[in-house]
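Contents: one structure, followed by commentary.
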Amino acid sequence: MNERDSRYDILFEPVKIGPVTAKNRFYQVPHCTGLGWLRPRMLAALRGVKAEGGWGVVCTEYCSIHPTSDDLPFPSASLWDDTDIKANTLMTEKVHEHGALAGAELWIGGARAANLLTREVSMDVDSMPNHAGNPYQTRAMDKADIRALRRWHREAALRAKTAGFDIVYVYATHHYMLSHFLSPETNSRTDEYGGCLENRVRLIRELIEDTKDAVGHACAVAVRFSADDGGGEDGVPVHGERRDMFEMLAELPDLWDINIADYSYEMGVSRFVKEGALEPYMDFVKSVTSKPVVTVGRFTSPDSMVDQVRRGIVDFIGAARPSIADPFLPKKIEEGRLEDIRECIGCNVCYSGDGKGVPILCTQNPTVGEEWRRGWHPERIETRGSEAKVLIVGAGPAGLEAARVLGERGYAVVLAEAGRALGGRVTAESRLPGLSEWARVRDYRVQQIGRMTNVEVYRESKLAADDVLAVAADHVAIATGATWRRDGFGRFHPAGIADLTPEERIFTPDDILAGRLPEGRVVVFDDDHYYMGAVVAERIRAEGAPVTLVTPEDKVGAWSTYTGEQMRTQRRLLELGVEIVTAHGLSAFDGREAVLACAYTGRERRIAADSVVMVTARRPNDGLYRAVSECMAVGVEGAPGSVRRIGDCEAPAIIAAAVYSGHRYARELDMPESDRSRVPHDRVFDETP
Ligand SMILES: Cc1cc2nc3c(=O)[nH]c(=O)nc-3n(C[C@H](O)[C@H](O)[C@H](O)COP(=O)(O)O)c2cc1C
Ligand code: SF4
């Protein structure tokens, strides 16, 4: 084993938090998983793996204290009554097994909670519209409601202690109820909970005191709090009253977990926000309190982490996404294996499940969420099930991941790539504006494969079916990706667009990725609704061309709402001078004009255009798969025992799906079919009436 670099020793110092001590400075801040109270064993296994990977503190997601804070269809954790204790204990036991502390982020939803499961009336500082877009308003809390809320919070804290949590949060940020009490904009009360600063801070102060009184002898009390009031330019905080609030509360909790008002910046995608971006917002906090401080910043570099601690910005390195992409990040630093770190790429695909109420995914870590269900460990894998030789055709994200995992399992692997560069679409797309960090998907895998003597990599090796047979592999995985369609086929035009000429003026993202850019007035038709339409428009606009982005949706990149980047994407395009036409599809183009049809009425309008870029759908490059399958079907000599298509070649999708596909193929090779198709429900029956 390598030695840890002594520069990083400071990261492994224990830190006292009130009555408990964290074994090191690595702190997994609260983050959702889409598992919550619905899937407790999947959740416990996920958190347990993080503790095993060296995180000194591992927190829950937002954990509802009472049925009046019900976020269905998004499954938070919950501590509503004693029947919830068992599920939470599953998690704390897993976390404790590895010497880590477990934290519970007690959550009061307020106007965010529509209570669609419990049908309770939701409450907040005032009667305000539901923040999740549901046609409900909250009840303005009276004094009896506030007293009840304090009791529920206290009871939830006691249950958290019984469940084995070491840290209990007062969660006063992220636009949930407590932040509404703090803000002069939302708090218009005239009683002792509204008006002057002291009054607006009162409920948070009371909850901190209540929690300390209830569990403070055994558990640390943490407060999650915003360092700014929001509203400024990126990187230029508007602190407003925040510093005064801190000064009033500074010594009350045992730990401050600091974030900021703009969630799209706090957990911004790498297109817009880089590592360590919160520092200008919160660098004053440690000068105001003697209590330990944690903040976030998509930290993956141990040097940045050490720098933050040494300069006295933080005591703990907080992480959500870096801990998802690599649950073993602390262990790898500890063991001097920096090259093994699987760095988060800042794509926020992990966050997309939050808006959909479904289990978490990660582009870099295909095992997340599968620790219990499929028994996948991010760092350990079964050794090979046979002496088989495996050929993988295509070194994009699916092919690279399959080669890495098969190599790890000990198979003899041949990886053939048609081009000179490895990485496929990841390499190509990482050259688009803002996406450079996406190359980490390739770099991690190429680095790992490079150390494996049982994986041979052949570049510039475009294989036909005969070549595949000549390799004499027992198994073949075809990972040849997909090609963007030029014919307009997609959601808006299930049969394509009939009137599209001249051919040389019709472009696709593949042309842009290959450096073949359109000229003149360009229409980008985005019927894909994620990032590609917008980044392609940005790339072309950077050359000075007038660009119009046309989408049948009501906003640009509608799906990117789930990754928290939609607002920033549309703002960026508007600032760059890209014209945006929403709720329209492209219905014809003749080299001079584009005909656009209203998505609601079908009414047509014409705009001048010299070229169009079709961002609509992709066609799998599965010709080689079909040819090899045919050889197998007719029994050609030398045909492999099995052929599978993986990644975009099977079904074009997001990069996370391609990595998952490659990973799954490699995990399941030589596994009986009955085990492969098993996807058990995490269904826990509760005997309470
Ligand atoms: C998938 C996901 C879910 C999150 N859920 C929560 C949550 O339940 N409670 C919370 O306080 N913050 C939540 N966050 C925000 C994180 O705690 C953190 O502030 C943010 O991700 C920035 O940290 P990072 O750069 O280390 O990811 C979530 C973040 C992610 C990525
Ligand atoms: S999905 Fe993307 S942003 Fe989220 S942890 Fe994984 S790599 Fe990072």
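Of the residues Leu329, Leu361, the single one that is within 16 Å of ligand 2 (Cβ to nearest atom), within 18 Å of Ile10 (Cα to Cα) and in contact with a helix residue (DSSP H, G or I) (Cβ under 7 Å, 6 or more places away or on another chain) is Leu329.
Among the residues of this structure, Glu233 does not count as one that is closer than 17 Å to Ser287 by Cβ and either assigned to a loop (DSSP other than H, G, I, E, B) or assigned by TED's automatic domain parsing to the domain that holds Ile313 (or both).
Thr60 meets the conditions (1) farther than 20 Å from Phe299 by Cα; (2) touching an Asp or Glu at 6+ places or on another chain (Cβ under 7 Å) in every case but one. The failed one is (1).
Only one entry in Gly353, Gly318, Gly336 is of a type outside the set (Asp, Glu), over 29 Å from Thr289 (Cα atoms) and either within 12 Å of ligand 1 (Cβ to nearest atom) or not in a loop (DSSP other than H, G, I, E, B) (or both), namely Gly353. Count, please, the residues in segment 29-69 that happen to be free of Cβ contacts under 8 Å to residues at least 60 places away in the same chain, more than 26 Å from Ala114 (Cβ to Cβ) and hydrophobic (A, V, I, L, M, F, W, C). Qualifying residue count, segment 29-69: 2. Could you list, in sequence order, the residues of segment 631-668 that are in a helix (DSSP H, G or I) and within 16 Å of ligand 2 (Cβ to nearest atom)? Of everything in segment 631-668, those that are in a helix (DSSP H, G or I) and within 16 Å of ligand 2 (Cβ to nearest atom) turn out to be Ile655, Ala656, Ala657, Ala658, Val659, Tyr660, Ser661, Gly662, His663.
In segment 297-314, is there at least one residue being more than 15 Å from ligand 1 (Cβ to nearest atom) and either free of Cβ contacts under 8 Å to residues at least 24 places away in the same chain or not assigned by TED's automatic domain parsing to the domain that holds Ser179 (or both)? Checked against the condition, which is being more than 15 Å from ligand 1 (Cβ to nearest atom) and either free of Cβ contacts under 8 Å to residues at least 24 places away in the same chain or not assigned by TED's automatic domain parsing to the domain that holds Ser179 (or both), segment 297-314 yields at least one hit. Among the residues making up segment 99-118, those that are part of a loop (DSSP other than H, G, I, E, B) and in contact with a strand residue (DSSP E or B) (Cβ under 9 Å, 6 or more places away or on another chain) are Ala100, Ile108, Gly109, Ala113.
For Val523, the test of being of a type in the set (A, V, I, L, M, F, W, C), out of contact with any helix residue (DSSP H, G or I) (no Cβ under 7 Å at 6 or more places or on another chain) and either modelled with pLDDT under 95 or not in a loop (DSSP other than H, G, I, E, B) (or both) is passed.
Does any residue of segment 61-78 turn out to be within 16 Å of ligand 2 (Cβ to nearest atom) and either at pLDDT 95 or above or not assigned by TED's automatic domain parsing to the domain that holds Pro327 (or both)? There is at least one residue in segment 61-78 that is within 16 Å of ligand 2 (Cβ to nearest atom) and either at pLDDT 95 or above or not assigned by TED's automatic domain parsing to the domain that holds Pro327 (or both).
From the list Asp307, Asp257, Asp262, pick out the single residue that is among the acidic types (Asp, Glu), more than 16 Å from ligand 2 (Cβ to nearest atom) and more than 24 Å from Pro14 (Cβ to Cβ). Unique residue meeting the criteria: Asp262.
Meeting the requirement of 2 or more residues that are within 14 Å of ligand 1 (Cβ to nearest atom), the strands (runs of 3 or more DSSP E) wholly within segment 1-96 are 26-28, 57-64.
In the set (1) at pLDDT below 95; (2) of a type in the set (Gly, Ala, Ser); (3) within 16 Å of ligand 2 (Cβ to nearest atom), Ser352 fails one condition alone, (1). Annotation note: of His174, His131, the sole residue that is under 10 Å from Gly110 (Cα atoms) and outside any helix (DSSP H, G or I) is His131. Every test in (1) surrounded by 23 or more Cβ atoms within 10 Å (Cβ to Cβ); (2) more than 20 Å from Arg224 (Cβ to Cβ) is passed by Met91 save one, and that test is (2). Residues of segment 152-201 that are within 16 Å of ligand 1 (Cβ to nearest atom) and either hydrophobic (A, V, I, L, M, F, W, C) or not assigned by TED's automatic domain parsing to the domain that holds Ser64 (or both): Ala156, Ala160, Phe165, Ile167, Val168, Val170, Ala172, Met177, Leu178, Leu182. Applying the set (1) in contact with an Asp or Glu (Cβ under 8 Å, 6 or more places away or on another chain); (2) in contact (Cβ under 8 Å) with a residue 40 or more places away in the chain to Ala160 leaves exactly one unmet item: (1). Only residues that are among the basic types (Lys, Arg) and touching a helix residue (DSSP H, G or I) at 6+ places or on another chain (Cβ under 9 Å): list them for segment 259-308, please. If the condition is that a residue be among the basic types (Lys, Arg) and touching a helix residue (DSSP H, G or I) at 6+ places or on another chain (Cβ under 9 Å), then Arg271, Lys274, Arg298 are the ones that fit. Within segment 254-296, the set of residues being surrounded by fewer than 24 Cβ atoms within 10 Å (Cβ to Cβ), among the acidic types (Asp, Glu) and either more than 12 Å from ligand 1 (Cβ to nearest atom) or in contact (Cβ under 8 Å) with a residue 40 or more places away in the chain (or both) comprises Asp254, Glu279, Asp283.
The values are calculated or read from the model by the stated rules, or taken from the named source; none is laboratory data. Just so you know, these numbers come straight off a predicted model, no measurement behind them. Here the Cβ is made from the backbone with ideal geometry for all residues, glycine too, and neighbour counts use every protein chain on show.
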